[in-house]
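One structure is given here, and the rest of the page talks about it.
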Amino acid sequence: MSDERSPETVLWDLMRGALTARALGIVADLRVADALATGPRSVDELARELGANPDVLHRFLRALASDGVFAEAEPGVFVNTPASEQLRREAWDDFAHLFGTVFHRTAGELDADGAPTFARVFGDDFWSWLAANPAERAAFDRAMAGGKDRKADRFAKVEWRDGETVVDVGGGNGALLIELFRRRPGLRGIVFDLAETDREESKFGDAIEFVSGSFFESVPVGDTYLLSAILHDWNDESAGAILRTIRASAPPGARLLVGETVISPGNDASGSKWLDLLMLALLDGRERDETQWRRLLEDSGFEPVSIEDGLIQARCR
């Protein structure tokens with residue numbers, strides 16, 4: 001895909017990425033988009049309400065407005081744009097917070113040796129750190145639940161039968177399974193994740209239950225296993241161990257549905273290629289192309305049925 005920007009602009013837009021992520025995280029934490037929900041407001045008024053320095057806040061908003069996030073309607077007066085309105089929607093403010101804080105610090109230490117940096121920066125592995133920081137765990141779970149409607153739509157198009165038991169492995173707060181069951185009533189479900197997962201089980205209804213545990217040890221028995229944005233958190237050795245745990249519990253004929261990106265060849269813009277670097281820094285994880293997915297599944301006892309970006313289907317071998 002051709003890029004109409006000048007070579008200098010291409011490089012500048014990349015080099016300033018750390019600043020944009022940090023600025024967006026700061027205004028998301030301040031809830032600036034919510035404060036502008038009723039219309040244009042002056043920086044001085046916003047700063048008083050939000051407890052911010054008016055000069056610094058103006059500089060953050062001015063910079064973000066130059067990229068279409070907020071707009072300066074008149075000098076010192078800002079208004080939301082479609083982009084900043086996204087920060088008022090589910091998960092986007094949490095993603096902005098994560099990318100502007102913990103992800104920002106972690107990615108900043110990534111080096112050419114490819115060694116994961118999170119533990120070096122924060123003194124513990126990512127999952128243990130989340131467990132010790134409940135507010136960050138809640139933000140992470142909310143962010144991971146983002147896009148659940150789109151994901152549920154994709155999973156709902158798969159053929160289902162009434163009474164089928166669906167195990168959402170690493171299912172977080174259960175948001176995906178709830179949305180899937182709204183589209184496909186008649187299913188039974190298990191949200192399987194660590195006990196500290198932030199969730200509201202009152203939303204599960206009678207068809208869904210929560211079971212705590214580690215997917216490196218065992219998983220509940222089911223007919224279909226969902227893995228949505230789980231395997232990219234892990235390198236091939238660990239991802240294979242998760243799949244083998246599922247395979248050991250799965251009854252004959254059970255199937256596997258994986259909601260993950262499939263990296264495409266070529267030079268077109270691809271968020272998954274950047275996400276791949278974040279997974280490397282945070283967790284020694286990775287995004288995968290079709291060949292890598294096929295090899296990972298086959299080596300773990302599964303037969304790939306179809307591999308498409310966003311939905312990979314396999315059956316027990």
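(1) free of Cβ contacts under 8 Å to residues at least 40 places away in the same chain; (2) in contact with a Ser or Thr (Cβ under 9 Å, 6 or more places away or on another chain); (3) surrounded by 12 or more Cβ atoms within 10 Å (Cβ to Cβ): which one isn't true of G68, the others all being true?
With respect to (1) free of Cβ contacts under 8 Å to residues at least 40 places away in the same chain; (2) in contact with a Ser or Thr (Cβ under 9 Å, 6 or more places away or on another chain); (3) surrounded by 12 or more Cβ atoms within 10 Å (Cβ to Cβ), G68 is out only on (3).
F99 - would you say it is without any contact (Cβ under 8 Å) to a residue 60 or more places away in the chain, outside the structural domain of D193 (by TED's automatic domain parsing), in a helix (DSSP H, G or I) and aromatic (F, W, Y)? Show your work before the answer.
On the way: without any contact (Cβ under 8 Å) to a residue 60 or more places away in the chain: no; outside the structural domain of D193 (by TED's automatic domain parsing): yes; in a helix (DSSP H, G or I): yes; aromatic (F, W, Y): yes.
Taking the combined requirement at face value, the residue does not satisfy it.
Could you check region 207-232 and list, in sequence order, the residues that are charged (D, E, K, R) and either part of a loop (DSSP other than H, G, I, E, B) or without any contact (Cβ under 8 Å) to a residue 12 or more places away in the chain (or both)? Explain how you work it out, then say what you get.
Just the residues of region 207-232 that are charged (D, E, K, R), to begin with: 209, 217, 223.
The answer is E217, D223.
Cβ-Cβ below 6 Å, separation at least six or inter-chain, first residue in region 104-133 and closer than 18 Å to N235 by Cα, second crowded, with 17+ Cβ neighbours inside 10 Å and of a type in the set (D, E): which pairs?
Going by the 6 Å Cβ cut-off, the qualifying pairs are P116/D284.
Quick test of your reading of the structure: M144 fulfils all but one of (1) of a type outside the set (S, T, N, Q); (2) under 22 Å from the mean Cα position of the chain (by Cα); (3) at pLDDT 95 or above. Name the failing condition by number.
(3)
From R294, R317, grab the single residue that is exposed (fewer than 13 other Cβ atoms within 10 Å of the Cβ), at negative phi and in contact with a strand residue (DSSP E or B) (Cβ under 9 Å, 6 or more places away or on another chain). Break it down stepwise before answering.
Values: R294 fails: exposed (fewer than 13 other Cβ atoms within 10 Å of the Cβ).
Selected residue: R317, the only one of R294, R317 that is exposed (fewer than 13 other Cβ atoms within 10 Å of the Cβ), at negative phi and in contact with a strand residue (DSSP E or B) (Cβ under 9 Å, 6 or more places away or on another chain).
Any chance region 10-20 includes a residue that's crowded, with 16+ Cβ neighbours inside 10 Å and either at negative phi or of a type in the set (F, W, Y) (or both)?
Let us first name the residues in region 10-20 that are crowded, with 16+ Cβ neighbours inside 10 Å, namely 20.
Applying the additional criterion that residues be either at negative phi or of a type in the set (F, W, Y) (or both) yields 20.
Scanning region 10-20 turns up at least one residue that is crowded, with 16+ Cβ neighbours inside 10 Å and either at negative phi or of a type in the set (F, W, Y) (or both).
Output the number of residues of region 194-238 satisfying the condition of being modelled with pLDDT of 95 or more, under 22 Å from L282 (Cα atoms) and crowded, with 18+ Cβ neighbours inside 10 Å.
8
Looking at (1) in a loop (DSSP other than H, G, I, E, B); (2) of a type in the set (A, V, I, L, M, F, W, C); (3) over 25 Å from D153 (Cα atoms), which one does L280 not meet, given that it meets all the others?
Of (1) in a loop (DSSP other than H, G, I, E, B); (2) of a type in the set (A, V, I, L, M, F, W, C); (3) over 25 Å from D153 (Cα atoms), only one is false for L280: (1).
Here is a check on your reading of the model: is V56 surrounded by 13 or more Cβ atoms within 10 Å (Cβ to Cβ) and of a type in the set (V, I, T)? Show your work before the answer.
Numbers: surrounded by 13 or more Cβ atoms within 10 Å (Cβ to Cβ): no; of a type in the set (V, I, T): yes.
Taking the combined requirement at face value, the residue does not satisfy it.
Please specify each residue of region 164-206 satisfying the condition of being farther than 22 Å from T245 by Cβ and either among the acidic types (D, E) or not in a helix (DSSP H, G or I) (or both).
Listed by number, the residues that qualify are E179, R184, P185, G186, L187, D198, E200, E201, F204, G205, D206.
Confirm whether W293 is modelled with pLDDT of 95 or more, out of contact with any helix residue (DSSP H, G or I) (no Cβ under 8 Å at 6 or more places or on another chain) and either assigned by TED's automatic domain parsing to the domain that holds L14 or among the aromatic types (F, W, Y) (or both).
Values: modelled with pLDDT of 95 or more: yes; out of contact with any helix residue (DSSP H, G or I) (no Cβ under 8 Å at 6 or more places or on another chain): yes; either assigned by TED's automatic domain parsing to the domain that holds L14 or among the aromatic types (F, W, Y) (or both): yes.
The answer is yes for W293.
The values are calculated or read from the model by the stated rules, or taken from the named source; none is laboratory data. Just so we're clear, the structure is a prediction, and the values are computed from it rather than from any experiment. Because the Cβ atoms are built from the backbone with ideal geometry, glycine has one as well, and the counts that use them run over all protein chains shown.
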